[in-house]
Amino acid sequence: MASALLSLPFNLPASSSPLSAVPNSPKPKSHIPLFTSSRRRARVTASAADQEKTKDTEKDSDSDSPAFNPFGFVTDNPSSRSAIQISESPAESGNVGQMLYRIEDKGKEYGKYFRAGEYVWFVRETGSAESERGTVVFLHGAPTQSYSYRSVMSQLSEDFGFHCLAPDWLGFGFSDKPQAGYDDFDYKEEEFHKEFDKLLDKLRVKSPFYLVVQGFLVGSYGLTWALKNPSRISKLAILNTPLTVSSPVPGLFKQLRFPFLGEFTCQNAVMAERFIEAGSAYVLKLEKADVYRLPYLSSSGPGFALLETTRKADFNGILSQISSGFASGRWDTPTLVVWGISDKYLPQSIAEEFQKANPTAVQLKLIEGAGHMPQEDWPERVVTALRVFF
């Protein structure tokens with residue numbers, strides 16, 4: 001068993017600062033004996049102070065270079081570099097504390113908290129519930145949050161009159177993070193479906209409504225929910241999401257499924273922003289990276305929620321449900337696939353294969369220059385595609 005696990009590739013990203021390049025802890029240049037004169041002690045103390053000053057100067061001159069990352073890799077995103085640099089501030093205002101203070105109120109645009117059943121959801125809302133254009137519900141994927149839809153929601157409501165809702169799934173973003181094994185929620189597919197139904201009832205979402213889904217894991221659960229509730233959906237829009245049994249699984253989720261490695265990986269505070277950047281041709285701006293990082297930086301809960309979601313997921317079973325459930329003869333609800341062709345996780349062929357399996361009900365719109373999250377990379381083009389389709 002152990003040798004089998006060790007033989008499997010972990011696919012950890014390559015490091016631009018390998019462990020071998022990290023200098024060993026400096027050894028003291030001199031030792032002060034127990035019995036020395038006060039003058040001798042003073043000279044040694046002064047010498048040590050000079051050495052510290054020299055090291056500080058060298059550290060300042062190298063402040064623009066990427067910092068060593070204990071997770072094994074660095075990124076060109078300046079926000080990520082600042083997240084892992086050792087703070088030069090006093091201990092009482094250390095690196096994590098400073099970042100939390102700086103970003104704690106960010107990322108909650110259009111958001112409110114709603115209690116549905118036992119849990120509290122964070123839900124973004126734009127437009128009026130009485131809109132004649134109807135309601136659009138947006139569901140995000142892992143390991144992100146509803147923040148990715150903020151621009152699309154704003155434009156659809158302000159420019160075209162739609163009522164838009166985007167919840168953070170339980171365990172993600174600013175929603176509750178139930179503790180698996182203790183709370184009555186174990187991060188399984190059917191539990192996500194059950195709690196989502198409660199939220200729709202709480203929000204009094206009128207059926208049928210428009211549904212937009214994107215991303216891995218909980219994004220896929222949005223599609224399996226749609227298969228079980230076709231009468232509640234007037235039209236379905238799918239942004240880059242695994243849709244066929246040939247859809248590859250990103251390395252992050254493979255790592256999370258390994259004992260010990262998963263527990264370590266899930267506590268990487270910059271995991272979400274790096275996942276987004278790795279699936280796109282773009283680097284997140286600092287203010288955006290802050291928001292995706294905040295839940296994972298604030299507590300261990302979101303990381304362990306992602307860990308449980310990943311380990312409880314039946315990837316092959318989910319993909320089989322989706323590929324067969326949306327095929328011709330089984331699904332006739334109008335569906336639009338909006339696909340960022342620069343997705344580094346899911347190739348364009350996935351979307352084309354899905355569309356060919358049901359050409360009557362499924363349309364395909366390709367977006368150049370957009371990656372795994374087109375709503376983040378090119379929200380204007382996503383809005384145009386949705387407006388025409390809805």
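Derivation of every value follows stated rules applied to the coordinates shown; laboratory data play no part. If you're wondering where the values come from, they're calculated on a predicted model, not measured in any experiment. Quick reminder, even Gly has a Cβ in these numbers, built from the backbone with ideal geometry, and neighbours come from all protein chains shown.
Summary table
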quantity: Pairs beyond 18 Å (Cα-Cα), from K228/K356; K228/K312; K112/K202; calculated: K228/K356; K228/K312
quantity: Nonlocal amide H pairs with K177, under 5 Å, H built at 1.01 Å; calculated: G171
quantity: Order by protection proxy (mean Cβ within 10 Å, highest first), peptides 118-126, 225-233; calculated: 118-126, 225-233
quantity: Extent along principal axes [Cα atoms of region 111-389; Å; largest to smallest]; calculated: 46, 39, 37
quantity: Share of Cα-Cα pairs in region 250-390 lying beyond 26 Å, as whole percent; calculated: 37 percent
quantity: Cleavage-rule hits (chymotrypsin sites (Phe, Trp or Tyr not before Pro)) in region 141-204: DSSP loop, at most 16 neighbouring Cβ within 10 angstrom; calculated: Y182
quantity: Derived scalar couplings ³J(HN,Hα) [region 170-176; Karplus, 6.51 cos²θ - 1.76 cosθ + 1.60; whole Hz; x for Gly, Pro]; calculated: 4, x, 10, x, 9, 7, 4
quantity: Gain on full stretching of the segment that runs from S300 to E132 - 0.36 nm per residue minus C-alpha separation; calculated: 56.3 nm
quantity: Computed over region 218-329, the ratio Rg/Rh where both radii use C-alpha atoms and Rh is Kirkwood; calculated: 1.01
quantity: Distant-in-sequence amide H partners of L366 (H built 1.01 Å from N, under 5 Å); calculated: W339
quantity: Estimated distance in nm for a label pair at K198 and E353, the labels positioned 7 Å out from Cα along Cα-to-Cβ; calculated: 3.7 nm
quantity: Under-5 Å amide H pairs with A237, H placed in peptide plane, nonlocal only; calculated: L211, V212, V213, L336
quantity: Cα coordinate range in region 127-203, projected on the principal axes (Å, largest first); calculated: 45, 24, 16
quantity: Computed lengthening from E263 to L227, 0.36 nm per intervening residue step minus Cα-Cα distance; calculated: 9.7 nm
quantity: Mean projected area (nm²) of the alpha-carbon convex hull when region 190-272 is viewed from all directions; calculated: 7.0 nm²
quantity: Relative contact order (percent, whole number), region 275-390, Cα cutoff 8 Å, 6+ residue spacing; calculated: 30 percent
